[in-house]
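Peer 1: So that we are looking at the same thing, I have put the structure below in structure tokens.
The values are calculated or read from the model by the stated rules, or taken from the named source; none is laboratory data. Just so you know, these numbers come straight off a predicted model, no measurement behind them. Reconstructed Cβ throughout: ideal geometry from the backbone, glycine too, with neighbour counts over all protein chains shown. Areas reflect the complete protein model, heavy atoms only, side chains present, ligands, DNA and RNA absent. Shrake-Rupley method; radii C 1.70, N 1.55, O 1.52, S 1.80 Å.
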Amino acid sequence: MWRGLWTLVNLTARGPRSLRPFTRQGSGAPAPGSGATIFALSSGQGRCGIAVIRTSGPASGHALRSLTAPQELPRARYASLRLLRDPRSGEPLDRALVLWFPGPQSFTGEDCVEFHVHGGPAVVSGVLQALGSVPGLRPAEAGEFTRRAFAHGKLSLTEVEGLADLIHAETEAQRRQALRQLDGELSHLCHGWAETLTKALAHVEAYIDFGEDDNLEEGVLEQADSQVRELEVALGAHLRDARRGQRLRSGAHVVVTGPPNAGKSSLVNLLSRKPVSIVSPEPGTTRDVLETPVDLAGFPALLSDTAGLREGVGPVEQEGVRRARERLEQADLILAVLDASDLASPSSCNFLDTIVTTTQAQSPSGNNQRLLLVLNKSDLLSQGSPGPGPELPPYLLLSCLTREGLDDLLEALRKELAAVCGDPSSGPPLLTRTRHQHHLQSCLDALSHYKKARDLALAAEALRVARGHLAYLTGGGGTEEILDVIFRDFCVGK
């Protein structure tokens, strides 16, 4: 058995096939211009109370001394009040808080400085020009601070993506998901899977090297097969959920549909809290698909207002109806709207028959769809009337005019969108990018080759390939093109 353990140790120490991207010592991907010291405004542009200017690199300490001379560096990681002067003229620039972060205990792993200055444009411009005059300093590129943090092993690639998503988060659900990914949940999960593959590979290679040795533990190949089967189940479960994470990041597609004059445009304006669509008593006002991104009950959504579904109209409206039906096939969630005071009309009955009752869990395009039936104009129902008949599918009563029933609709939307996008507050980490799905699918494909391999050497190679895809997921594999795509959406100063 000790020889099998020695094989496991060797596997984790090997060169190009090792799992070094999972370690916290760095991925081997250098940041562009990593020898220089960079600086940038890290807070928002424009007049504000406080602006944060940061530096990163070996000359950060020299830059701080230059702007605060004759004082020495302040105590590390403690805020100190200092007078900032232009190192060329000695002219006072501002009285600011400065923080000194010597590496490697900093965000980037390098020596870093933060200047918390007053946020007037003249002050910010003066401090930036002063830093630009210090030898060895240059302005930072977009995302360069984070890229240096990745290069020095402070963040895995999935954590970097989580940070980018956190910066761009616009809804509560997106913020929660981004924080979980930034905290390393997906990275730790992949690390655990990689350790499972490492053990399985150790057992296979131990059998190859010492198959006839009495000291080798019995059943090592069976252990490897069992570990691979368990991993296949876990990967398959995450891949089946892959689109939920992507919807949470980019937004679920919610389509509002119904017959003319049911109140579709009024509902879109109510949910988006702005006049997206023209509202008119004239039937057929909406003739094209109008889309707007909205925050629906804390979830991101692309809300689409569509033409009223009816027959026997002019060519322009016919095209609008065709586009509406096309968009319905692409929807993740359908909001079917009917006039609660006119359910017996031919248009309402036809809509119920052709859309509501025939929409199943599977759409013609193969997407899983969900549907909410909304009976609008409930304010027109007379008091004491029996209301809609019991033969209707489950529905929600709403008045876009008085907003009565809006809270119930938002709660129903929250539940439906949590099912469509996933609940970021619980459950396993979600796959939010196509890149994640690609590498997990490639890992699963490699495991299928392992199961089919009749030669142990080929089986071992399949395990190495599978483990490599997990390393690429969290470490990028050192491919500059992939890193450029990930970091290009960062702002300057982050």
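Peer 1: Could you grab me the full set of residues in region 71-93 that are charged (D, E, K, R), surrounded by 16 or more Cβ atoms within 10 Å (Cβ to Cβ) and in a loop (DSSP other than H, G, I, E, B)?
Peer 2: Selection gives D86 alone.
Peer 1: Among R273, R244, R240, which is the only one that is free of Cβ contacts under 8 Å to residues at least 40 places away in the same chain and either open to solvent by less than 10 Å² (accessible area, probe 1.4 Å) or closer than 30 Å to R464 by Cα (or both)?
Peer 2: Working: R273 fails: either open to solvent by less than 10 Å² (accessible area, probe 1.4 Å) or closer than 30 Å to R464 by Cα (or both); R244 fails: free of Cβ contacts under 8 Å to residues at least 40 places away in the same chain.
Only one candidate passes the filter, namely R240.
Peer 1: Is it the case that region 123-143 has a residue that's over 23 Å from V492 (Cβ atoms), aliphatic (A, V, I, L, M) and either open to solvent by less than 70 Å² (accessible area, probe 1.4 Å) or touching a helix residue (DSSP H, G or I) at 6+ places or on another chain (Cβ under 9 Å) (or both)? Lay out the reasoning, then the answer.
Peer 2: Of the residues in region 123-143, the ones over 23 Å from V492 (Cβ atoms) are none.
No, every residue in region 123-143 fails to be over 23 Å from V492 (Cβ atoms), aliphatic (A, V, I, L, M) and either open to solvent by less than 70 Å² (accessible area, probe 1.4 Å) or touching a helix residue (DSSP H, G or I) at 6+ places or on another chain (Cβ under 9 Å) (or both).
Peer 1: When region 277-319 is examined, which residues are found to be at pLDDT 80 or above and among the acidic types (D, E)? Show your work before the answer.
Peer 2: The initial filter retains those residues of region 277-319 that are at pLDDT 80 or above, namely 290-306.
Those that are at pLDDT 80 or above and among the acidic types (D, E): E291, D295, D305.
Peer 1: Quick one: G103 ticks every box in (1) small (G, A, S); (2) in a loop (DSSP other than H, G, I, E, B); (3) open to solvent by less than 30 Å² (accessible area, probe 1.4 Å) bar one, so which box is it?
Peer 2: Among (1) small (G, A, S); (2) in a loop (DSSP other than H, G, I, E, B); (3) open to solvent by less than 30 Å² (accessible area, probe 1.4 Å), the lone unmet condition for G103 is (3).
Peer 1: Related question: Counting just the residues of region 326-346 that are part of a helix (DSSP H, G or I) and in contact with a strand residue (DSSP E or B) (Cβ under 9 Å, 6 or more places away or on another chain), which one comes out surrounded by the most Cβ atoms within 10 Å (Cβ to Cβ)?
Peer 2: Among those that are part of a helix (DSSP H, G or I) and in contact with a strand residue (DSSP E or B) (Cβ under 9 Å, 6 or more places away or on another chain), it is L328.
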